[in-house]
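For reference, the structure discussed in these notes is given below.
The values are calculated or read from the model by the stated rules, or taken from the named source; none is laboratory data. On a predicted model such as this, the values are computed, not experimentally measured, just so you know. We place every Cβ from the backbone using ideal geometry, glycine too, and count neighbours over all the protein chains shown. Surface accessibility is based on the protein's heavy atoms, side chains included, excluding ligands, DNA and RNA. Shrake-Rupley method; radii C 1.70, N 1.55, O 1.52, S 1.80 Å.
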Amino acid sequence: MELIKKNRSYRRFDNSKKISMEQLENFVEHARIAQCSANRQPLRYSLITEKEACEKLYDGLKWAGYLTDWDGPVPEERPVAYIVVAAKNDLMDFEKVDSGLAMQNMTLAAISEGVGSCMIGMFNKKIVSEVSGFDDEHTILYVIAFGYPVENVSLTDVKDGDFKYYRDDAGNHFVPKRSMDEIIFKKI
Ligand SMILES: Cc1cc2nc3c(=O)[nH]c(=O)nc-3n(C[C@H](O)[C@H](O)[C@H](O)COP(=O)(O)O)c2cc1C
């Protein structure tokens, strides 16, 4: 539970602290053995640590849609590594769950060693495919950004139905979650 609580979406990192290719490979090792529909294992990963590639990929990502007055992390706080998650083109319906399970395993592996991450579904396909090298036989599903966090992210309760994350004046990030009473539909 402590690890899951810490495994938030982080969007500000210490850009001077690098992440190695071996660290990314270890995260993918956790995805490799994840549950997946019919055990077909359709997911493929591009691992990116090179500075220039990270800079180019960053330009294709959309950050924190609810924070309308924030343009994304400043250069010193940008991610230092990425994993691009793609699927072979014949992805079946149940397999849409596979990427979620794989990404959860990877982000938990990351936070267990202090590496924060953010899954990103809003991205520029052209830029991400150019940097990651995925061809027409693959569909790019998500980008995961990694780095050592420099922001506080805390959970709070949804109040008056408002689930949008927000920041206070000091830049602390808050993520409202619905209560148990709200999400448990029935106890039978
Ligand atoms: C499938 C998926 C796609 C996401 N896409 C984006 C995105 O494009 N940009 C972004 O800043 N955050 C993205 N997020 C992060 C969510 O905004 C975040 O999970 C949510 O606000 C809850 O915060 P938490 O992860 O700290 O619980 C995505 C998360 C998921 C699971």
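For the reader, a short list of remarks on this structure follows.
- Met180, sole failed condition from (1) away from the ligand (no atom under 15 Å from the Cβ); (2) hydrophobic (A, V, I, L, M, F, W, C); (3) surrounded by 11 or more Cβ atoms within 10 Å (Cβ to Cβ): (3)
- Positions within region 77-94 being assigned to a loop (DSSP other than H, G, I, E, B) and surrounded by fewer than 16 Cβ atoms within 10 Å (Cβ to Cβ), in sequence order: Asn89, Asp90, Met92
- The single residue among Asp168, Asp136 that is surrounded by fewer than 16 Cβ atoms within 10 Å (Cβ to Cβ) and away from the ligand (no atom under 16 Å from the Cβ) turns out to be Asp136.
- Contacts under 9 angstrom Cβ, first residue in region 139-153 being touching a residue at least 12 places away in the same chain (Cβ under 8 Å) and within 11 Å of Glu77 (Cβ to Cβ), partner open to solvent by less than 20 Å² (accessible area, probe 1.4 Å) and among the acidic types (Asp, Glu), 6 or more apart: none
- So Gly65, is it over 14 Å from Ser46 (Cβ atoms), loosely packed, with under 12 Cβ neighbours inside 10 Å, within 11 Å of the ligand (Cβ to nearest atom) and without any contact (Cβ under 8 Å) to a residue 40 or more places away in the chain: no
- Cβ separations smaller than 6 Å between residues 6+ apart or across chains give the following pairs from region 21-32 residues that are open to solvent by less than 60 Å² (accessible area, probe 1.4 Å) to residues that are of a type in the set (Gly, Ala, Ser) and part of a helix (DSSP H, G or I): Phe27/Ala109; Phe27/Ala110; Ala31/Ala102.
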